[in-house]
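To keep things clear, I will list the structure first and then write my remarks on it.
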Amino acid sequence: MYTSLRKRFHRRNFLSLGDVSGEEIMAMIDFARELKDARSRGETYTFCVGKTLAMIFQKPSTRTRVSFEVAMYQLGGHALYLNAADLQLGRGETIADTARALSRYVDGIMIRTFNQQDVEILASEATVPVINGLTDREHPCQILADLMTIFEHKKRLEGLKLAWVGDGNNVCHSLLLACPSVGMDINVASPPGYEPRPDIVAAAHAAAKKSEVKVTADPVSAVHGADVVVTDTWASMGQEGEHQERVKVFYDYQINSALVNHAKPDFIFLHCLPAHRGEEVVDEIIDGPASRVWDEAENRLHTQKAILALLL
Ligand code: CP
Ligand code: NVA
């Protein structure tokens, strides 16, 4: 099943959506949907029997940790949770040496850390596939689940308009790298000084053949006519000390009824979670009829099963 796709991805890394074509993203979503349907029919696909995934966490996690662990279990394999502070990594062993040692035991490594460069070093020294489970720069696994959720509810991706309102952070970056390649327009509204990285915006423009990429400071113009409205925390992991200041800066970037009135009447709302209710989004929206955040959280499981089945 999905043999040619599995050949194409076999032993590749999954570090950035900038490395995955639009056609590959669509194929991964299709595979994830089949895995989801199979699960609901009570069928199992045991692509990872006898395989082990090491999961290194340098930051907290609920969804990523649990969905990867359950994904490996459902595919017949095993996942190891490794808190970076408990590894020799926490006492100064290098990322490269950690990669070399782990590669002798496991079949894949998932890492959540700060610097994208550490993930790249890990991948270059490991002899097994490496998956980016979030860095300060990107969150590619999240965006695969987001696009699957949009596809389920809108029956297509091409031609849709997505509005990101808030911090130009890791999740925003991965959306910028993925939306243009699947033919979606993306509008980003961030306060001055909190925009996405210029190199990522440039990559998004370069990938946009039939779609539009817009970065603005005006949330209303970003949301105007949007099919999908997305936000995330105003202070990401590692920015806790900036929280008070950011709450003031981002005040006008809250997702509330007044703002989403500018979106299409059938828009959907996404948030990678965890949400900070009353800050980036109000209860009325996240608990309201447009919200698809729980489908989005569930789809982390199905898309990651697709990633694991393809890479491992
Ligand atoms: N969305 C997401 O990655 O959630 P966790 O931080 O709980 O893993
Ligand atoms: N931008 C958030 C995402 C959490 C899943 C962070 O990095 O903390």
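Given points 7 Å out from each Cα along the Cα-Cβ axis, report the Glu93 to Asp295 separation in nanometres with one decimal.
4.4
Would you list Tyr251, Tyr2 from the most to the least accessible area, probe 1.4 Å?
Working: Tyr251 165, Tyr2 65 Å².
Largest accessible area first, the list is Tyr251, Tyr2.
Using modelled amide H (1.01 Å from N, peptide plane; none on Pro or chain starts), what sits under 5 Å from the amide H of His139, excluding residues fewer than 5 places away?
Distant-sequence amide H within range of His139: Ser174.
Hey, what does the equivalent ellipsoid look like for segment 1-154, semi-axes from the Cα gyration tensor as sqrt of 5 times each eigenvalue, largest first, whole Å? Mind dumping the intermediate values first?
Working: eigenvalues 136, 59, 46 Å².
Computed over segment 1-154, the values are 26, 17, 15 Å.
Which whole-number value in Å² is the accessible area per residue of the chain, probe 1.4 Å? Working shown, then result.
Values: 13050 Å² over 312 residues.
Accessible area per residue: 42 Å².
On a C-alpha basis, how far is the centre of segment 155-182 from the centre of segment 93-109 in Å? Whole number, if you could?
33
Quick one: if the Förster radius is 25 Å, what FRET efficiency do Val247 and Asn83 give, using the C-beta to C-beta distance and rounding to 0.05?
FRET efficiency, Val247 to Asn83: 0.25.
If you wrap a convex hull around the alpha carbons of segment 1-78, what volume per residue comes out, as a whole number of Å³? Mind showing how you got there, number by number?
Values: hull volume 9.1 nm³, N = 78.
Once divided by residue count, the hull of segment 1-78 is 117 Å³.
On the protein heavy atoms, probe 1.4 angstrom, tell me the percent of accessible surface of segment 146-197 carried by carbon and sulfur. Spell out each step's value before the answer.
Numbers: 580 of 1260 Å².
That fraction is 46 percent.
Rounded to the nearest percent, how much of the accessible area of segment 1-71 (1.4 Å probe, protein heavy atoms only) is carbon and sulfur?
On the way: 1630 of 3560 Å².
Using a 1.4 Å probe with all protein chains present, segment 1-71 comes out at 46 percent carbon and sulfur.
Rank Phe31, Phe267 by accessible area, highest first, at a 1.4 Å probe radius?
Working: Phe31 0, Phe267 25 Å².
From most exposed to least exposed: Phe267, Phe31.
Using Cα pairs closer than 8 Å and at least 6 residues apart in sequence, work out the relative contact order for the chain, in percent. Don't skip to the answer; put the middle values down first.
On the way: 618 pairs, mean separation 65.7, N = 312.
Here the relative contact order equals 21 percent.
About the Cα centre, and with charges only on the beta carbon of Lys, Arg (+1) and Asp, Glu (-1), how big is the dipole of segment 186-237? Nearest 20 debye, please. Each step should come with its number before you reach the end.
On the way: 4 positive and 6 negative charges, 38 e Å.
Roughly 180 debye, rounded to the nearest 20.
Can you give me the % of accessible surface on segment 211-293 that is carbon or sulfur? Probe 1.4 Å, all protein chains present, nothing else counted. Walk me through the numbers on the way to the answer.
Details: 1970 of 3820 Å².
Of the solvent-accessible surface of segment 211-293, carbon and sulfur hold 52 percent.
Classify segment 173-254 as rounded, prolate or oblate, taking a ≥ b ≥ c as the square roots of the eigenvalues of its Cα gyration tensor: rounded when a/c is under 1.5, otherwise prolate if a/b is larger than b/c and oblate if not. Mind showing how you got there, number by number?
Numbers: a/c = 2.31, a/b = 1.65, b/c = 1.40.
It is prolate, given that a/c is not under 1.5 and a/b is the larger ratio.
With +1 on each Lys and Arg Cβ and -1 on each Asp and Glu Cβ, how big is the dipole of the chain about its Cα centre, in debye rounded to the nearest 20?
Values: 33 positive and 41 negative charges, 223 e Å.
Computed charge dipole of the chain: roughly 1080 debye.
What do you get for Rg/Rh over the chain if you use C-alpha atoms and the Kirkwood form of Rh? Walk me through the numbers before you get to the answer.
Values: Rg = 18.8 Å, Rh = 19.7 Å.
Looking at the chain, the ratio lands at 0.96.
Starting with the highest mean, order 84-97, 14-27 by the number of other Cβ atoms within 10 Å, averaged over the residues of each peptide. All intermediate terms of the calculation are to be shown ahead of the outcome.
Details: 84-97: 13.1, 14-27: 18.9.
Highest mean packing first, the order is 14-27, 84-97.
Order the following by accessible area, largest value first: Tyr253, Tyr194. Probe radius 1.4 Å; ligands, DNA and RNA are ignored.
Most to least solvent-accessible, the answer reads Tyr194, Tyr253.
Work out the charge dipole of the chain with +1 on the Cβ of Lys and Arg and -1 on the Cβ of Asp and Glu about the Cα centre, then indicate which of Val106, Asn261, Gly241 is farthest towards its positive end.
Of the options given, the answer is Val106.
Solvent-accessible area of Met110, probe 1.4 Å, all protein chains present, reported in Å² to the nearest ten, please.
Met110 has an accessible surface of roughly 0 Å² with all protein chains in place.
P(r) for segment 84-130: what percent of alpha-carbon pairs falls in each 5 Å bin, starting at zero?
5, 24, 34, 30, 7
For Phe47, list long-range residues whose amide hydrogen, built 1.01 Å from N in the peptide plane, is under 5 Å from its own amide hydrogen.
So Phe47 has HN proximity to no qualifying residue.
Once you order the gyration tensor axes a ≥ b ≥ c over the Cα atoms, which shape class does segment 213-312 get: rounded for a/c under 1.5, otherwise prolate or oblate by comparing a/b with b/c?
Working: a/c = 1.83, a/b = 1.28, b/c = 1.43.
Note, shape of segment 213-312 comes out oblate.
The values are calculated or read from the model by the stated rules, or taken from the named source; none is laboratory data. This one's a predicted model, so the numbers in the text were calculated from it and none came from an experiment. Don't worry about glycine lacking a Cβ; one is built from the backbone with ideal geometry, like all the others, and counts go over all protein chains shown. The accessibility values were calculated without ligands, DNA or RNA, using every heavy atom of the protein model including side chains. Shrake-Rupley method; radii C 1.70, N 1.55, O 1.52, S 1.80 Å.
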